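One structure below.
The values are calculated or read from the model by the stated rules, or taken from the named source; none is laboratory data. Quick caveat, the model's predicted, so the values are computed rather than measured. Cβ sites come from the backbone with ideal geometry, for glycine too, and all protein chains shown count toward neighbours. Please note that ligands, DNA and RNA were not included when accessible areas were found on the heavy atoms of the full protein model with its side chains. Shrake-Rupley method; radii C 1.70, N 1.55, O 1.52, S 1.80 Å.
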Amino acid sequence: MKLVGIVGSNAEVSYNRKLMEFIAKEYKDLFTLELLDITNLPMFNQDEDHSKENKDLIVMNRKILQSDGVIIATPEHNHTITASLKSALEWLSFELHPFENKPVMVVGASYYDQGSSRAQLHLRQVLDAPGVNAIVFPGNEFLLGKAKEAFDENGNIKDERTVGYLRMCLTKFAKFATVAKSLAERKPTPPEDLTASGKISTTIEGVEGNDDDWYEKAAEKVNAVSGDTYVKLDRGILTVDQLNCFLNSMPIELTYADSNNQFLYYNYNKEEHEMLAKRRPEQVGCSLSAVHPERVHGSVSWLVGLLRSGQIDVFRTHVPTHGPDKYVVHNYQAMYDKDGKYAGINEYILDFKPIVDWYLKQTGQTLVKNGMAVSGGYAQAPAADATSGASGGGHSHGAQAAAPAADATSGASA
């Protein structure tokens, strides 16, 4: 289970941050907890909209959406929550709504005996408000009083009974979050424009994307570098030839589709007929609608919408149509730019079987199914509904397996 924690204070020295760090360390057998910081968020102003430009807000929204639940640790200022926490919650219920149907647990620490009880009560009311609509974990209040004396020099809570009570509360919340998640439906996403008719900052204008020779025309239009020209990357410098060698040596099939739903690249390490998802040079530059048969456009739109909205970060599916000697997995990974904004999809495809076989040989272990050792291949489990690449006429792929609405399609595989 993956949870995120929000520290409701922007103070440099925060006992609520200490509490959250202790939870992340002490109870990692129950869940993983990633802490989110509200320090750099601007003060809420409804005349401004930072939901599309503030990196911290964009990332926080995405992390909450992708989590199984949220824990908020609040101090108490003047019988209520801090101004910084209230402002953060305003941003996250104005244009963005990541808390909707999200399980949330409230905890808190303060200098005094009552341990932020009144702030916690206020916070629960805020989380119930229209626009926030969180599913607040009832009861099980955790109030850490006298916080200055509560921690040892290693940041651990000293009182064992407090540690035990906190474990009980968190164990119940993990169960609560699991039930709440099963009841909640994913937020609908707007239909995707799979025709790539829009324009982003990197769109090459004046060249028709679905032309068979888009690659040559676009390269000439922007004077694209090639050969031994150096490219400055964020962690190194390579020539274009070196970059091609590096990407083509990958033991996986890579595909890049940008945020405008235009298919821009695939790595070349096999000929089309040898690929797990068949791709052809003339498909580069095409819209996602052009490289997928029309019958799966709804599925493509569904998956791209989930990745774009931040509801999921990655989607994986096993495609069993490649035969019993392979275990092929299609991975659809959302990409983000330096400002945390959605930048498109990295689809990577690989056959896991050689890796698993190598691992078993190295460790001397054996695959087991239902108490019986499995050898000579893998039992085929039901795959997530998916469609895989197959070559077709023109720009479109045919499909090896039709998929219902909840399937996985992206990049340039159908």
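Points worth noting:
- Residues satisfying the criterion are absent from the range 297-317 (criterion: part of a loop (DSSP other than H, G, I, E, B), out of contact with any Lys or Arg (no Cβ under 7 Å at 6 or more places or on another chain) and closer than 23 Å to Lys199 by Cα).
- Pair list, Cβ under 8 Å, 6 or more apart: the range 303-316 residue of a type in the set (Phe, Trp, Tyr), other residue assigned to a helix (DSSP H, G or I): Phe315/Leu303; Phe315/Leu306; Phe315/Leu307
- When the range 144-167 is limited to residues that are open to solvent by 90 Å² or more (accessible area, probe 1.4 Å) and of a type in the set (Asp, Glu), the one that is farthest from Asn16 (Cα to Cα) turns out to be Glu160.
- Taken together, the criteria place Gln120 among residues that are open to solvent by less than 30 Å² (accessible area, probe 1.4 Å) and not β-branched (Val, Ile, Thr).
- Residue count for the range 251-278 under the criterion of being within 29 Å of Pro191 (Cβ to Cβ), touching a helix residue (DSSP H, G or I) at 6+ places or on another chain (Cβ under 7 Å) and hydroxyl-bearing (Ser, Thr, Tyr): the result is 0.
- Cross-chain or 6+ apart pairs with Cβ under 6 Å, the range 245-263 first and among the polar types (S, T, N, Q), then open to solvent by 40 Å² or more (accessible area, probe 1.4 Å): Asn248/Tyr268; Asn248/Asn269; Ser259/Ile200; Asn260/Ile200
- The number of residues in the range 170-184 that are over 28 Å from Leu96 (Cβ atoms) and open to solvent by less than 40 Å² (accessible area, probe 1.4 Å) comes to 0.
- Residues that are of a type in the set (Val, Ile, Thr) and within 25 Å of Leu121 (Cβ to Cβ), drawn from the range 40-79: Ile64, Val70, Ile71, Ile72, Thr74
- Any hit, the range 19-41, residues being in the same structural domain as Glu160 (by the TED database), open to solvent by less than 20 Å² (accessible area, probe 1.4 Å), within 27 Å of Arg186 (Cα to Cα) and of a type in the set (Ser, Thr, Tyr): no
- Top-ranked residue of the range 316-346 - restricted to ones that are of a type in the set (Lys, Arg) and over 26 Å from Val356 (Cβ atoms), ranked as surrounded by the fewest Cβ atoms within 10 Å (Cβ to Cβ): Lys338
- Residues being within 21 Å of the chain's Cα centre (by Cα) and under 26 Å from Arg308 (Cβ atoms) are represented in the range 171-178 by at least one member.
- Residues being open to solvent by less than 40 Å² (accessible area, probe 1.4 Å) and in contact (Cβ under 8 Å) with a residue 40 or more places away in the chain - total across the range 347-373: 4
- In the range 124-134, of all residues being open to solvent by less than 50 Å² (accessible area, probe 1.4 Å) and free of Cβ contacts under 8 Å to residues at least 60 places away in the same chain, the one that is farthest from Ser14 (Cα to Cα) corresponds to Gly131.
- Out of Gly115, Gly139, sole residue that is touching a residue at least 12 places away in the same chain (Cβ under 8 Å) and part of a loop (DSSP other than H, G, I, E, B): Gly115
- Within the range 5-16, the set of residues being open to solvent by 50 Å² or more (accessible area, probe 1.4 Å) and either among the basic types (Lys, Arg) or touching an Asp or Glu at 6+ places or on another chain (Cβ under 9 Å) (or both) comprises Asn10 only.
- The set of residues in the range 42-85 being aliphatic (A, V, I, L, M) and either on the phi > 0 side of the Ramachandran plot or open to solvent by less than 30 Å² (accessible area, probe 1.4 Å) (or both) consists of Leu57, Ile58, Met60, Ile64, Leu65, Val70, Ile71, Ile72, Ala73, Ile81, Leu85.
- Candidate set from the range 263-278 (those that are under 26 Å from the mean Cα position of the chain (by Cα) and open to solvent by less than 20 Å² (accessible area, probe 1.4 Å)); member that is farthest from Asp337 (Cα to Cα): Ala277
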